[in-house]
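Report on one structure; see the data block that follows.
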Amino acid sequence: YLHYHVARHIEEHGWLSWINWIDYKRWYPYGHPVGKDIFPALPMTLAFIHTTLKLLGVPATLYQVAVLFPPVIAAITCLVAYKLGEEVGGKGVGLLTSLFLAVNPAYMGRTTLGFCDDETVGVLSMIVLYTAFLKAINPKTSRCSRLLYGVISGLALGYLCASWGAYRYPLA
């Protein structure tokens with residue numbers, strides 16, 4: 001609910017309003033300094049998706065977006081995990097990688113309908129980071145493509161750092 005609450009605040013008060021926001025509804029009476037405590041990428045992603053859907057004329061509420069977001073991202077993550085496994089060891093490894101992620105109880109528990117937390121986008125961005133990095137250092141990839149994959153890897157790392165506390169693991 002926290003990320004939905006922050007996304008709602010972002011939509012109502014602007015994209016940078018969360019930085020100095022003290023939420024008195026969360027911790028009473030002193031308030032919670034949201035800008036010093038949360039990772040902003042997930043609420044901003046929710047607000048961006050909801051705003052985009054409104055511009056396209058899709059009648060969805062922010063709450064519906066927050067509830068449906070985790071399973072949709074989990075399905076996309078399984079597809080990207082296939083590409084990671086395929087890059088490492090071929091199509092068979094890709095299928096096993098995707099299957100193991102899809103049936104992992106810890107991952108299923110964190111991407112269920114309505115469980116909108118940092119792991120939802122964190123695992124996706126980590127897998128995109130590793131896949132793009134492996135493609136960037138592959139000598140069989142063309143020079144221009146390696147540059148593109150390097151940029152994608154860096155953007156995925158930046159998004160990971162802005163979304164999840166486990167960003168420390170790829171940096172270690």
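The values are calculated or read from the model by the stated rules, or taken from the named source; none is laboratory data. Being a predicted model, the structure only gives us computed values, none of them experimental. Cβ sites come from the backbone with ideal geometry, for glycine too, and all protein chains shown count toward neighbours. Accessible surface areas use protein heavy atoms only, side chains included; no ligands, DNA or RNA. Shrake-Rupley method; radii C 1.70, N 1.55, O 1.52, S 1.80 Å.
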Can you tell me the 0 to 90 degree angle between the C-alpha axis of helix 2-13 and the longest principal axis of the chain, rounded to 10?
-> 70 degrees
Expressed as a whole percentage, what fraction of the accessible surface of the chain belongs to carbon and sulfur atoms when a 1.4 Å probe is rolled over the protein heavy atoms?
-> 69 percent
With every protein chain present, what is the per residue accessible area of the chain (1.4 Å probe, Å²)?
-> 59 Å²
Tell me, how many Å apart are the Cα centres for region 78-108 and for region 6-64?
-> 32 Å
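Magnitude of the Cβ-charge dipole of region 9-149, K/R +1 and D/E -1, about the Cα centre, nearest 20 debye?
Working: 11 positive and 9 negative charges, 107 e Å.
The calculation lands at about 520 debye.
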In degrees between 0 and 90, to the nearest 10, how far off the longest principal axis of the chain does helix 91-102 point, with axes built from Cα atoms?
-> 20 degrees
Lys83: which aspartates and glutamates have alpha carbons under 16 Å from its alpha carbon, excluding same-chain residues fewer than 8 sequence positions away?
-> none
How large is ³J(HN,Hα), in whole Hz, for each residue of region 25-35 in order, when computed from phi with the Karplus curve 6.51 cos²θ - 1.76 cosθ + 1.60 and θ = phi - 60°, using x for Gly and Pro?
-> 7, 8, 10, 9, x, 7, x, 10, x, 4, x
Calculate one ³J(HN,Hα) per residue across region 70-80 by plugging θ = phi - 60° into the Karplus curve 6.51 cos²θ - 1.76 cosθ + 1.60, and present them in order as whole Hz with x for glycine and proline.
-> x, x, 5, 5, 4, 5, 5, 5, 5, 5, 5
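Can you give the calculated 222 nm mean residue ellipticity of the chain, where each DSSP H run of n ≥ 4 adds -39,500 (n - 2.57) and the sum is split over every residue, rounded to the nearest 500 deg cm²/dmol? Intermediate values should be presented prior to the final figure.
Working: 9 runs with 122 residues, N = 172.
Estimated from H runs of four or more residues: -22500 deg cm²/dmol.
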Search the structure for amide H atoms under 5 Å from the amide H of Asp23, placed 1.01 Å from N in the peptide plane, and list their residues when 5 or more places away or on another chain.
-> His32, Val34
Given [x] 1.09; [y] 1.14; [z] 1.49 as possible values of Cα Rg over 2.2 N^0.38 Å, the one from the coordinates is [y]
Enumerate the calculated ³J(HN,Hα) couplings along region 157-172 in order (Karplus 6.51 cos²θ - 1.76 cosθ + 1.60, θ = phi - 60°), each rounded to whole Hz, writing x wherever the residue is Gly or Pro.
-> 5, x, 5, 4, 5, 8, 10, 8, x, 7, 4, 5, 5, x, 7, 6
If ligands, DNA and RNA are left out, what is the accessible area of Ser153 with a 1.4 Å probe, given in Å² to the nearest 10?
-> 10 Å²
How about Lys54: which lysines have a C-alpha closer than 30 Å to its C-alpha, ignoring those fewer than 8 places off in the same chain?
-> Lys25, Lys36
